[in-house]
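Just so you know, all these numbers are worked out from the coordinates, no wet-lab data involved. This is a predicted model, so every value here is computed, not measured. All Cβ positions, glycine included, derive from the backbone under ideal geometry; neighbour counts span all protein chains shown.
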Amino acid sequence: TPLRPQRFVRHITASSNEEAAAKTAVDTGGPTIFDKIIAKEIPSDIVYEDDKVLAFRDINPQAPVHILIIPKLRDGLTQLSKAEARHGEILGQLLYASKIVAEKEGIAEGFRVVINNGPDACQSVYHLHLHVIGGRQLKWPPG
Ligand code: TR5
């Protein structure tokens, strides 16, 4: 029998609702839920904010500390793979904000920063975001 393309095999083995949902999410370039969070039309638990970035607690935390850091201006950055040289500054600001957030949360000694890019990485919201995860012993490799 012919081999099935790996992509298909991975799609039918999605092991959680989140994974399955992420498989259906596509990068349309349209507005996302994060626009409403930035506009404060939807409440969020903000832990850090400056003129360029916003950090707030993930609604479905995967660890005692699970914070999302997003650029306030998406500027084409629906996902990391859309990054261009002009995004260098905001990318640096997001990464630097992860350190500030880790310190604020008391996890600077051990934390993880994750960016899920695209369906195969289970990205579900197409507005670039860093996950800052910690507060427990994290496993490696991630799933
Ligand atoms: O799967 P990716 O990497 O795209 O991460 C998206 C993250 O956004 C997930 O960890 C979700 O739990 C999180 N998320 C989704 C919503 C949401 C949120 N975090 C805070 N507040 C949220 N609201 C109000 N609505 C969401 N749909």
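Quick rundown of the values:
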item: Cβ-based charge dipole, the stretch 22-113, positive-most Cα from Val113, Thr78, Ile90; result: Thr78
item: Cα-Cα over 22 Å, subset of Lys52/Lys139; Lys82/Lys104; Lys52/Lys82; Lys36/Lys72; Lys82/Lys139; Lys36/Lys99; result: Lys52/Lys139; Lys82/Lys104; Lys82/Lys139; Lys36/Lys99
item: Values of log10 I(q)/I(0), in the order q = 0.14, 0.20, 0.29 Å⁻¹, for the stretch 75-143 under a Debye, Cα-only, solvent-free model; result: -0.49, -0.92, -1.24
item: The stretch 126-143 - phi-based ³J(HN,Hα) in whole Hz, Karplus 6.51/-1.76/1.60, Gly and Pro as x; result: 9, 9, 3, 8, 9, 8, 10, 10, x, x, 8, 5, 8, 9, 9, x, x, x
item: From the C-alpha gyration tensor of the stretch 15-138, square roots of 5λ in Å; result: 21, 18, 14
